[in-house]
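A.B. asks: Here it is: the structure, laid out below.
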Amino acid sequence: MDNCVRGSEKDDYLSPDRDEESLDWTEIQDSDSPSKGSSCKVITRECLSAAQWEDLRTVMELLSLREQHARALLIHHHWDVEKLLTVYLEKEKAFLLSEVGLAADNVIGLDFSSTVMCNICMNDVPAEVVTAMDCGHGFCDNCWAGHFAAKISEGQSQRIKCMAYKCNAICDEVFVRNLLGVRHPDLAERLERFLFYSYIEDNRKAKWCTSMPHCGKAILVEEDIFCEVECPCGSQFCFSCSSEAHSPCPCFMWERWEKKCRDNVSDSRYWINVNTMPCPKCHKPIEKNGGCNSVNCICGAQFWWLPGGAMARKRARARLIRSSELYKEDDEKRYMYHYYCYKAHRDHFKQESRRSERVLKKISALEAKDSILISFNVVSNGLHRLYQSRRILTYSYPFAFYMFGEDLFKYGMTDEEREIKKNLFENLQQLLESNVVKLSEYLELPLNMFTEEQARHIRMQILNLSAATDNLCKKMYEFIEKECTHVIAPYQSKGIDKAEELMAVSSDQEGGSDHLMACGD
């Protein structure tokens, strides 16, 4: 397999940056420590109004606009203040307003006589119940109320346009609120909710947390929307597609993978293939729904359920490589191979998440005895690295299935180029898998059963494997971004970005004093 890889590329992606034995604990500890600040913020319902008003006030002050006009501009530009101001500087205020449907200057009220014919209902109505918008078109309040009610019921409450034929002007927000408050109080409340939550619904850099049941929080990112975030409730998700965190698999590949898995789950043959394991001796299918990794068949054979145990790792790897070569020409069998690997690592991921709690309890017991040879930080950082790298390894298989198949990129690269990149990626994948398995085994060891010298050796192995695994994860992301040119969430050694509290400036909208408010205050 290595013969198909270019020498320079292989050196770049597969060779370690330095000898593992020379790694310094201080450097590793620094690399695993959390960053000083988060690039994403959490918004609760309590601070949503203050966060929204901060953007509104910025636009109102810089462009000398009323609140409803500033809101219309921000909704049109997806609450991106920087983008809005850039358009303002490039194309001036008049263009900015007309593009959204706002009049540059308020139109003076029409000179109505005592009665006026409404061009919608065609009735003569008193002039005092006729209202003209900034565009100059006036109709009776009954028709306006019916128009507003219909648009809100259709979900078009953010930018209700004038009723006049081919008029794209936006109706005055204050008039809409006041009229509905008298005629349709329930719709007025609905309008208020739409406008209140538009900061999340219409904001490209804000999304509701995907937790079920919903925690009531939203996440605001400050920079790239192609990222993965973690809500304070513990839910982790891809900000770009709102699915579970799935890097290094790009969003469009993950969507296809999820659909393919759903379509195949009803097939009984498929279920048997991915949820059972044939006994290596009698070849009968065995289902396991709990317990450890060791399985005893009724025929007397003993084997490891998931590939990775010391007694089965080489055999499992050989079997998977043979399967990959055997299934190379058959897309469905090739899918089965990748799904099996994906599911095996996903199951490991779940088991290791539960196991980490037990390991941390053991470490706490050792620290209570004033042990200086086993550091809590060493093992806790190792558990963190195992958690992150196992997740990355899990989602690397859906990526490999689509990237090196012949469906999506049949004409995107030559067969030779595909083979070179496939071999390079699989080498990275196998190295990462090997390190993840070793790290998992060391973290499973009963630390309180070893001598001080043995404990020191385990500590160094965890340090070295953590650093090597982190380096391999970085190289895998670099390969996907540079060699395969896919946009994915950037790799972060510290893990998925955890949202911090948003400090918003709350202010009385009539000109009261400002004060900082954190979410949840």
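The values are calculated or read from the model by the stated rules, or taken from the named source; none is laboratory data. These numbers come from a predicted model, not from an experiment. No Cβ is skipped: glycine too gets one built from the backbone with ideal geometry, and neighbour counts run over all protein chains shown.
A.B. asks: Quickly run through region 34-79 and pick out the residues that are farther than 19 Å from ALA499 by Cβ, at pLDDT below 90 and among the acidic types (Asp, Glu).
C.D. replies: Result: GLU67, single match.
A.B. asks: Continuing with the same structure: Would you confirm whether or not region 46-63 contains a residue that is crowded, with 18+ Cβ neighbours inside 10 Å, under 24 Å from the mean Cα position of the chain (by Cα) and either part of a strand (DSSP E or B) or not aliphatic (A, V, I, L, M) (or both)?
C.D. replies: yes
A.B. asks: Scan region 159-185 for residues that are surrounded by fewer than 16 Cβ atoms within 10 Å (Cβ to Cβ), at negative phi and part of a loop (DSSP other than H, G, I, E, B) and jot them down.
C.D. replies: TYR165, CYS167, ASN168, listed by residue number.
A.B. asks: Examine region 391-410 for a residue that is of a type in the set (Phe, Trp, Tyr) and at pLDDT below 80, and state whether such a residue exists.
C.D. replies: Yes; the residues of region 391-410 include at least one that is of a type in the set (Phe, Trp, Tyr) and at pLDDT below 80.
A.B. asks: Taking the residues in region 89-146 that are hydroxyl-bearing (Ser, Thr, Tyr) and at pLDDT below 85 as candidates, determine which candidate is nearest to VAL176 (Cα to Cα).
C.D. replies: SER98
A.B. asks: Are there any pairs, at least 6 apart or on different chains, whose C-beta atoms fall under 7 Å, with the first in region 60-72 and of a type in the set (S, T, N, Q) and the second in a helix (DSSP H, G or I), and if so, which?
C.D. replies: What qualifies is GLN68/GLU173; GLN68/VAL174.
A.B. asks: Need the failing condition index for SER466 against (1) within 29 Å of ARG262 (Cβ to Cβ); (2) surrounded by 15 or more Cβ atoms within 10 Å (Cβ to Cβ); (3) small (Gly, Ala, Ser), just the number.
C.D. replies: It fails just one condition, (1).
A.B. asks: Among the residues of region 461-487 satisfying the criterion of being modelled with pLDDT under 90 and touching an Asp or Glu at 6+ places or on another chain (Cβ under 9 Å), which is farthest from PRO248 (Cα to Cα)?
C.D. replies: Once the filter is applied, the top-ranked residue is GLU483.
A.B. asks: Consider only pairs whose beta carbons are under 7 Å apart and that are at least six residues apart or on different chains; among these, list those whose first residue lies in region 202-221 and is acidic (Asp, Glu) and whose second residue is assigned to a loop (DSSP other than H, G, I, E, B).
C.D. replies: ASP202/HIS78; ASP202/TRP79; ASP202/GLN158
A.B. asks: Continuing with this model, one more query. So, in region 284-302, of the ones that are loosely packed, with under 10 Cβ neighbours inside 10 Å and within 36 Å of the chain's Cα centre (by Cα), which residue ends up modelled with the highest pLDDT?
C.D. replies: That would be GLU287.
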